[in-house]
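Take a look at the structure set out below.
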Amino acid sequence: MVNGLGRRAHLAAADAPPEVVDSDIDEELHELEAVSRNLETHTLSANTRRAYEKAWRSFAGFCEAYGFEPLPVHPQVVRWYVAWMSTQVDDWGRPRFALSTIRQHLAGVADRHLRDGYLDPTGHRAVGDLVRGLAKLRATRPVRKRPLMLDDVTRVIDAMPHDVYPAGVSATRDAAALWLGFAGALRRSEAAALRLSSLELHPVDGIHLRVGRSKADQDNTLPDVVVLPFGRTPRTCAPCAVHRWVALLRTSAPAEPRTRRQLAMRQLYGHQLDTHVCGAHGSDPLIDGSDLALPAPLLRATYRNRKDARIHEVGVSGDALHTMLRRRMAEAGMDPSAYGFHSLRAGHVTQARRNGASTEEIMRAGRWQKAETVNVYDREFNPAARNSVMRLGL
Ligand SMILES: [Zn+2]
């Protein structure tokens, strides 16, 4: 111990400070050390620090089990630790440590070494190569979200409180979002990016959506047109869900809270879930083209407390849609752990295939340029599709 600076004494870059005899200076250095330790605690967020501590406990446990000294550790042991993490699976055979978690564990090991004045063993080339190799291996077989079939989607939507205020405001939006994801086979970023002006009411087809170019499809310069067809029944009618939501958006315009609330309540209480409100079968449509004139976001963020709900001007994020789907599934008594917003798109493909859709039809709906992408879904979720085992007359 030099001047009580403790663990700083073995930092390799410079000799430890000479012993200080003046007690005032000694006192000041102690204060400076206290200040610097306080500053150190602010370099990482509380969450990161907790994650690093958890990572370190896991690593130390691994070292103890195999008889290694964890601090300082040889890079070879870190390689074995990465290999060990990569082989851990849960009851379903899925990786227990995601790649991001493995990287975080390595960051925790690095942080502990650097803080204690040692070289970072995770910076060794051999460790980096292993992680890159694992990233490639995992990338070839992504953990896909499981598909939500038509019955699943209607179950989730039926469980929502549509005709109560204020909960019905977000329920109306979420029902529209679910149908956009399922019927429209939209990615979450595409659903979140939709504008009112991206929609066009069509007397025969239902609703046309113009979906912007996606990242996966850079060569296609024209926007794709997605069709939301009139449903056979109001409960499977995507246009009805969109009409209800856009009609509710109108009620968010008045500045006066009481008026706004009354309009929204009237709209929600009047919800006839068993009647078309989209114009199908001679019904009166709730909205017309003038409601779709503005380039304002279609799916908006909502806020509510116990007695009031607000619809914001800003759109929802793709992440919020993902979280929403999982929450709505849980509310419907379903386990959401293997699902996400992408489950709607995967569900569209899977349901359509089971109902006899051709690859070409699915490519059109999913806006895919390559049939191979559709085949990936078939292999994962439709092992019976276009499989000769189904023609054996069993
Ligand atoms: Zn309808």
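Residue-level check: of (1) away from the ligand (no atom under 12 Å from the Cβ); (2) crowded, with 19+ Cβ neighbours inside 10 Å; (3) touching a residue at least 24 places away in the same chain (Cβ under 8 Å), Gln267 misses just (3). Counting only residues that are part of a loop (DSSP other than H, G, I, E, B) and of a type in the set (A, V, I, L, M), the range 257-284 holds 2 of them. As a summary of the residue check, Gly282 satisfies the conditions (1) loosely packed, with under 12 Cβ neighbours inside 10 Å; (2) among the small types (Gly, Ala, Ser); (3) away from the ligand (no atom under 16 Å from the Cβ) except for the one numbered (3). Could you check, for the range 78-88, whether at least one of its residues is surrounded by fewer than 18 Cβ atoms within 10 Å (Cβ to Cβ), over 19 Å from Ala107 (Cα atoms), within 29 Å of the chain's Cα centre (by Cα) and among the hydroxyl-bearing types (Ser, Thr, Tyr)? For the range 78-88, residues surrounded by fewer than 18 Cβ atoms within 10 Å (Cβ to Cβ), over 19 Å from Ala107 (Cα atoms), within 29 Å of the chain's Cα centre (by Cα) and among the hydroxyl-bearing types (Ser, Thr, Tyr): present.
Residues in the range 33-70 that are hydroxyl-bearing (Ser, Thr, Tyr) and loosely packed, with under 14 Cβ neighbours inside 10 Å: Ser36, Thr41, Thr43, Ser45, Tyr66.
Listed here are the residues, each with its yes/no results for (1) over 28 Å from Trp84 (Cα atoms); (2) at pLDDT 75 or above; (3) in contact with a Gly (Cβ under 6 Å, 6 or more places away or on another chain).
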{"site": "Val2", "(1), (2), (3)": "yes, no, no"}
{"site": "Arg8", "(1), (2), (3)": "yes, no, no"}
{"site": "Ala14", "(1), (2), (3)": "yes, no, no"}
{"site": "Asp22", "(1), (2), (3)": "yes, no, no"}
{"site": "Leu29", "(1), (2), (3)": "yes, yes, no"}
{"site": "Tyr66", "(1), (2), (3)": "no, yes, no"}
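The criterion of at least 2 residues that are over 24 Å from Ala159 (Cα atoms) and in the same structural domain as Tyr165 (by TED's automatic domain parsing) is met by the following helices (runs of 4 or more DSSP H) wholly inside the range 285-394: 342-354, 359-366, 371-381.
If you go through the range 100-126 and pick out every residue that is without any contact (Cβ under 8 Å) to a residue 24 or more places away in the chain and under 17 Å from Trp80 (Cα atoms), you end up with 5.
When the residues of the range 229-248 are filtered to those that are buried (at least 22 other Cβ atoms within 10 Å of the Cβ) and more than 10 Å from the ligand (Cβ to nearest atom), the one that is modelled with the lowest pLDDT is Leu248.
The values are calculated or read from the model by the stated rules, or taken from the named source; none is laboratory data. Everything numeric here is computed off the predicted structure, so don't read it as measured data. Reconstructed Cβ throughout: ideal geometry from the backbone, glycine too, with neighbour counts over all protein chains shown.
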